4 protein chains.
Amino acid sequence: MPGNSRGKLFVLTTWGESHGEALGAVIDGCPPGLELGIKDIQEELDRRSPGKGAGGTSRVEEDQVEILSGVFEGKTTGTPISLIIRNKDQKSADYDYLADVYRPGHGDFTYDRKYGIRDHRGGGRASGRETAARVAGGAVAKKLLLGEGIIIRAFTIELGGIGIVGFDEAALEENRLCCPDREAAKKMEEALASARAEGDTLGGVVEINVSGCPSGLGEPVFDRIDADLAGSLMGIGTVKAVEIGAGLMAARMKGSESNDSMGPEGFRTNNAGGVIAGITTGADIVARVACKPIPSIARPQDTVDRRGEPVTITVKGRHDVCVIPRIIPVCEAMTALVLADHLLMQRAIKRR
Amino acid sequence: MPGNSRGKLFVLTTWGESHGEALGAVIDGCPPGLELGIKDIQEELDRRSPGKGAGGTSRVEEDQVEILSGVFEGKTTGTPISLIIRNKDQKSADYDYLADVYRPGHGDFTYDRKYGIRDHRGGGRASGRETAARVAGGAVAKKLLLGEGIIIRAFTIELGGIGIVGFDEAALEENRLCCPDREAAKKMEEALASARAEGDTLGGVVEINVSGCPSGLGEPVFDRIDADLAGSLMGIGTVKAVEIGAGLMAARMKGSESNDSMGPEGFRTNNAGGVIAGITTGADIVARVACKPIPSIARPQDTVDRRGEPVTITVKGRHDVCVIPRIIPVCEAMTALVLADHLLMQRAIKRR
Amino acid sequence: MPGNSRGKLFVLTTWGESHGEALGAVIDGCPPGLELGIKDIQEELDRRSPGKGAGGTSRVEEDQVEILSGVFEGKTTGTPISLIIRNKDQKSADYDYLADVYRPGHGDFTYDRKYGIRDHRGGGRASGRETAARVAGGAVAKKLLLGEGIIIRAFTIELGGIGIVGFDEAALEENRLCCPDREAAKKMEEALASARAEGDTLGGVVEINVSGCPSGLGEPVFDRIDADLAGSLMGIGTVKAVEIGAGLMAARMKGSESNDSMGPEGFRTNNAGGVIAGITTGADIVARVACKPIPSIARPQDTVDRRGEPVTITVKGRHDVCVIPRIIPVCEAMTALVLADHLLMQRAIKRR
Amino acid sequence: MPGNSRGKLFVLTTWGESHGEALGAVIDGCPPGLELGIKDIQEELDRRSPGKGAGGTSRVEEDQVEILSGVFEGKTTGTPISLIIRNKDQKSADYDYLADVYRPGHGDFTYDRKYGIRDHRGGGRASGRETAARVAGGAVAKKLLLGEGIIIRAFTIELGGIGIVGFDEAALEENRLCCPDREAAKKMEEALASARAEGDTLGGVVEINVSGCPSGLGEPVFDRIDADLAGSLMGIGTVKAVEIGAGLMAARMKGSESNDSMGPEGFRTNNAGGVIAGITTGADIVARVACKPIPSIARPQDTVDRRGEPVTITVKGRHDVCVIPRIIPVCEAMTALVLADHLLMQRAIKRR
């Protein structure tokens, strides 16, 4: 299969370009009888919408989703669920100056090399806007998982090099960065303001936590749950590193430190991040992703055009300073899609 | 598909348990006309064999591969290539004490939860021994890639917390850890000796480098080359983190630092690690994996048995102190499998 | 994968219910650079539209397709092509009497058994209307194949038990049944008129011919081209038998009769129907499908309701008397999808 | 995926050439806990072995299967089941005269066109011998289905143009043709003897019956159970036509005749052959396949060599006169593989 579908049983297919007619998602394999309404999906899309603060863009992005099939009288029917989000405010002409030039850090060059043709308007299919369709599809997965008691939450643990020190769950709702440390959140906002003033952008780290996930999910030896999570999270455009559990730190532990010992009460630590031998343990699944800075900076940059001639480019328009916090619902969506798929798989194969 | 196959066009299926009759690999989709002999595969298997030094196991593992199909008169025919490695020296009785108990850090608990039955002999399918079949399959992929000028090399950049400082390519062949820094290699060996003396184990970090890879490989938006690499590398049992290019460090850069500017001569830096927007740029692909310590330590550990009763266990037998360097050919194999698959995919879809 | 996608490289996903908001098709894997416009797709859809004669329905079905993504400046970009056909004239209330009863020969009973819930309006996803999305997707495949000189044509060779005697290509355009025998076409129309008068329906046989197909397509041993064609054609709701080449007659020949001998000029006969050992020979591909009568008849029928109670039902509304000729573009579409997929596959694997 | 695997959840991969080292099957996705022994598989293989009568070959084919993985203490573990059948009696030199010539009706020409290289020894991968691996894999599927009360039986209903008149179940065990009509069986044997005397071969028709299959299996709109059955049966080398239920006859019925009316007792007829709208009804599944004559005839035939030069060839060796009855277990195996796959799929998606 080409690359615009993911999953084996709970399958999401997405389509659409940043400045085309619309974006869309088709979910095939959602079990019948799940209560599902526009609201379930719209709420997730709204979380992805641009904020008002220093990290957000000033573009207007009103993503209104429609359900075109697969739901009847408020419940899924087992047939494909088609979701569509019409694009608005597509000022394609704004992008004409990009038709023949490759923006550093963007997919302009690689799409051209791969396809020999590209829709340069706003990045086309390579735009971060494409993730709206993932969030829409992920919302259906989240609803399915919620019915099984599985809850997925992502939050910011580092931004512009500023890491969290404490963790206060209540803080997550209080700041737009979804940061569990109020002090750190303030410093992050200052860093964002400062970067914006410099015409620059920042990166950060997001942690994903899954609670309530039963043990036994994951398909060794290749479709291990950690493998699938890593692949799905690295498949978000901005992500350059993925860790599970202790992650990189595990490489610096001794076996006597990293092994999670068990007692009758369960696992005593969770260095494994909820996954051993590629299968869920029943403990919380913990993953972290490192997001690079947004490549669209308001400074002149050296690059080349399609003929290979050197060009200096300054990316126009108003862009986000950081993908955080907009990437958070995307991380949750990708995680939900992975788990929904494995949940159904385990139903198929488990011992009777 | 269940989880024992990987790839869409160049597909590897593996089978076999640590202490069963044999391990095997079936490669479907290898193009016809490729020169392939036992030697191509045996050499890779030998690289995975236990060393003689402090990091190695003292078990005898003579992996002799046979080619059972798909090759005729020294060339692949386009039909499935079946490889088999007979298991020897399976002292299954040695493992009887594990039939009802879960070793910390091993797949014993999760396999039981998933399947409700397990082959406890030496970890069964969850054993690291399973990777021999991956290395065998990966050897075919490497041969295919070599014909296209694509070369994959992995090496040790950290072990037991000791990182490399310099990089001397010549050193790679000189020390059994495949470490490009002679001084660091010595310290790593000392750390291994020390850990062995303590009955403990160590982790480390491996870097994978791919040179000669053409631009244009990768299938957005889900089967991006970085997504596929991350999933495949995280699918190695010991791996807990995967980075591409600047990896975690990218999250701490500014956009003006992380963007790889271009000139007529090509990319001037490679923070992207050879992948932008999920598609190869033509620059070297760079990935790093963090490996946890081997969970089999020679010390008593708290755990539970199948009924949930607390047990103290000491894992018997002689085990490796670190997966490095044996994991190195496995990392190369997984990388080769990903690239071979995407190489064929690009042939199918590219503009004529 | 669930069942609403087909293909491995040229992949069609369809969605939508008969009386929902819309029907749609997503094509993933179409190579970039193919000239494609609304007209290419609309023409095929129009061929599927209800005719004016005795075999046609009197419902108004104006299928207007929109291209929502994947095409830029008149050419495909290699990204997913999303097609949508809005439903009009959905008088769902007309179907309320069917909510709790199973129409004989329809999917009402089996959908209920499978999903435990169903969208009963006009058959929902089980409606023949779903094939509009296949025709739309197939139109893209046909365009791709046409560029390679591959031409697919289907025509009526039997209807209501009346078979053709002669074959005059010119006749195909002259009668609405796409029947190559003018005399037979007349008798078929009489049979249709007679069946309509009786409130009954008729079945028929369609032959599909593919010219210009290169040798070498097909993936033994399971994805043989004949296997894939048979599966795809049998997957059309109305089809109950599929033949390739001599088909059933081959079972009554001797080996000396059925073998197609070869000379320097090529194959001297084509009992194989263009496929030997699952791979195209380069001769015309010939397949035939037997279509059952439409189950919606204007006569009272015995059936049961959801509780299993006996009910007599008379299906309301005006329905077609025969799926012919409307099924013809559907047969062509399914054939085109199979061939486009195998064409790309052969590009991937062929010897260099 | 290339073509040597089939299924989505219960997946069979086969490998091996007629005159290579061995044939093999890997089954991935078989649920854990199924009792499985060599005997289950060997019995099916023995049914495929050459008979002693007029239809059988005089080659010695002792197919002894080994289980190499996936079974522990007599039960499946949920990991891949690897089966191997060593080839014996491979007199490859016997086939040297075929290295440069294309036998009519065989895959020699098409394999060469596809792969540009071929293992000509005994047909290589295109040999009917490949079906031994399917039968081995199918035996596992049959065992799984048997535990659910699903029974698959195939039998001969026509051979050399001689059809059955009556149906006596007891007769199936009495004649080696698995023909339920004793009189017809006698005439069929006479026809076989006569064809053999003429150096010719015969075709026939096999019917497959599945009882005990629950309603609700099948994945619209493309992976309908009838579509999957048709594809899988047409994927047997000898098959040129597949019918479900009334098959071709359905095209000659009126809707009032072909619709299977329902009463409280269930379906009153079974023209549908157990499948409506691509989903099982719970009635017996009925399929028929038409098998062409074996192409290896003991008569001179016109053909060409690799350079396209005309050649007259007489195929050497002793071959079967008809694929019946050896094809019967192959038909059952393919049917079992389809049903096992759909059974698991329905477990995954069904409404809770």
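The table below lists the values:
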| quantity | calculated |
| --- | --- |
| Residue check for A:Val323: buried (at least 24 other Cβ atoms within 10 Å of the Cβ), in contact with a Gly (Cβ under 8 Å, 6 or more places away or on another chain), within 30 Å of A:Glu44 (Cα to Cα) and more than 9 Å from chain B (Cβ to nearest Cβ) | yes |
| Test set (1) open to solvent by 60 Å² or more (accessible area, probe 1.4 Å); (2) over 20 Å from B:Gly212 (Cβ atoms); (3) in contact (Cβ under 8 Å) with a residue 40 or more places away in the chain - B:Arg182 fails condition number | (3) |
| Hits in the stretch B:269-286 - residues which are within 10 Å of chain A (Cβ to nearest Cβ) and either part of a strand (DSSP E or B) or of a type in the set (A, V, I, L, M) (or both) | B:Ala272, B:Val275, B:Ile276, B:Ala277, B:Ile279, B:Thr280 |
| Among residues of the stretch D:198-231, those that are touching a Leu at 6+ places or on another chain (Cβ under 7 Å) and facing chain C (nearest Cβ under 7 Å), counted | 2 |
| Output for the stretch D:10-52, where each listed residue is under 18 Å from B:Asp28 (Cα atoms), surrounded by fewer than 24 Cβ atoms within 10 Å (Cβ to Cβ) and of a type in the set (A, V, I, L, M) | D:Ala22 |
| Residues of the stretch A:298-352 that turn out to be polar (S, T, N, Q), out of contact with any Leu (no Cβ under 9 Å at 6 or more places or on another chain) and closer than 16 Å to A:Gly137 by Cβ, as a count | 0 |
| Number of the condition not met by D:Val338 [criteria: (1) more than 9 Å from every other protein chain (Cβ to nearest Cβ); (2) more than 21 Å from D:Ser232 (Cβ to Cβ); (3) not in a loop (DSSP other than H, G, I, E, B)] | (2) |
| Residues being under 19 Å from the mean Cα position of the chain (by Cα) and either assigned to a helix (DSSP H, G or I) or crowded, with 24+ Cβ neighbours inside 10 Å (or both) - total across the stretch C:209-234 | 11 |
| Qualifying positions in the stretch A:195-208 - part of a loop (DSSP other than H, G, I, E, B) and β-branched (Val, Ile, Thr) | A:Thr201 |
| Pairs with Cβ under 7 Å, 6+ apart, first in the stretch C:234-252 and touching a residue at least 24 places away in the same chain (Cβ under 8 Å), second surrounded by fewer than 24 Cβ atoms within 10 Å (Cβ to Cβ) and among the polar types (S, T, N, Q) | C:Gly245/C:Asn270; C:Gly245/C:Asn271; C:Ala246/C:Asn271 |
| Matching entry among B:Arg129, B:Arg113, B:Arg118 (being crowded, with 24+ Cβ neighbours inside 10 Å and not in a strand (DSSP E or B)) | B:Arg118 |
| Search result, residues across the stretch D:71-90 that are assigned to a loop (DSSP other than H, G, I, E, B), free of Cβ contacts under 8 Å to residues at least 60 places away in the same chain and not hydroxyl-bearing (Ser, Thr, Tyr) | D:Glu73, D:Gly74, D:Gly78, D:Pro80, D:Lys88, D:Asp89 |
| Residue in the stretch B:246-255 that is surrounded by fewer than 24 Cβ atoms within 10 Å (Cβ to Cβ) and more than 9 Å from every other protein chain (Cβ to nearest Cβ) present | no |
| Selection status of D:Thr79, farther than 23 Å from D:Val239 by Cα and modelled with pLDDT of 95 or more | yes |
| Conditions (1) crowded, with 22+ Cβ neighbours inside 10 Å; (2) within 16 Å of D:Val330 (Cα to Cα); (3) out of contact with any Leu (no Cβ under 7 Å at 6 or more places or on another chain); (4) modelled with pLDDT of 95 or more: number failed by D:Gly138 | (3) |
| For B:Glu148: the one exception among (1) surrounded by fewer than 24 Cβ atoms within 10 Å (Cβ to Cβ); (2) on the phi < 0 side of the Ramachandran plot; (3) under 20 Å from the mean Cα position of the chain (by Cα) | (3) |
| Scan of the stretch D:1-21 for residues that are within 7 Å of another protein chain (Cβ to nearest Cβ) and in a loop (DSSP other than H, G, I, E, B), ordered by number | D:Met1, D:Pro2, D:Gly3, D:Asn4, D:Lys8, D:Leu9, D:Gly16, D:Glu17, D:Gly20, D:Glu21 |
| For C:Gly266: the one exception among (1) on the phi > 0 side of the Ramachandran plot; (2) surrounded by 24 or more Cβ atoms within 10 Å (Cβ to Cβ) | (2) |
| Any hit, the stretch B:192-204, residues being of a type outside the set (Phe, Trp, Tyr), touching a Lys or Arg at 6+ places or on another chain (Cβ under 6 Å), under 27 Å from B:Gly273 (Cβ atoms) and open to solvent by 10 Å² or more (accessible area, probe 1.4 Å) | no |
| All positions within the stretch C:275-305 that are closer than 22 Å to C:Leu159 by Cα and open to solvent by 30 Å² or more (accessible area, probe 1.4 Å) | C:Arg288, C:Lys292, C:Ala298, C:Arg299 |
| Tally, over the stretch A:240-258, of residues that are touching a strand residue (DSSP E or B) at 6+ places or on another chain (Cβ under 7 Å) and among the charged types (D, E, K, R) | 3 |
| Looking only at the stretch C:164-178, and only at residues there that are modelled with pLDDT of 95 or more and closer than 19 Å to C:Ile294 by Cα, the one that is least open to solvent (accessible area, probe 1.4 Å) | C:Leu177 |
| Any hit, the stretch B:231-239, residues being at pLDDT 95 or above, among the hydroxyl-bearing types (Ser, Thr, Tyr) and touching a strand residue (DSSP E or B) at 6+ places or on another chain (Cβ under 8 Å) | yes |
| For C:Arg288: the one exception among (1) under 30 Å from C:Gly212 (Cα atoms); (2) basic (Lys, Arg); (3) modelled with pLDDT under 95 | (3) |
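The values are calculated or read from the model by the stated rules, or taken from the named source; none is laboratory data. Since the structure is predicted, the reported quantities are computational estimates derived from the model, not experimental observations. Note that each Cβ is placed from the backbone with ideal geometry, even for glycine, and that neighbours are counted across all protein chains shown. Just the protein is used for accessible areas: all its heavy atoms, side chains included, with ligands, DNA and RNA removed. Shrake-Rupley method; radii C 1.70, N 1.55, O 1.52, S 1.80 Å.
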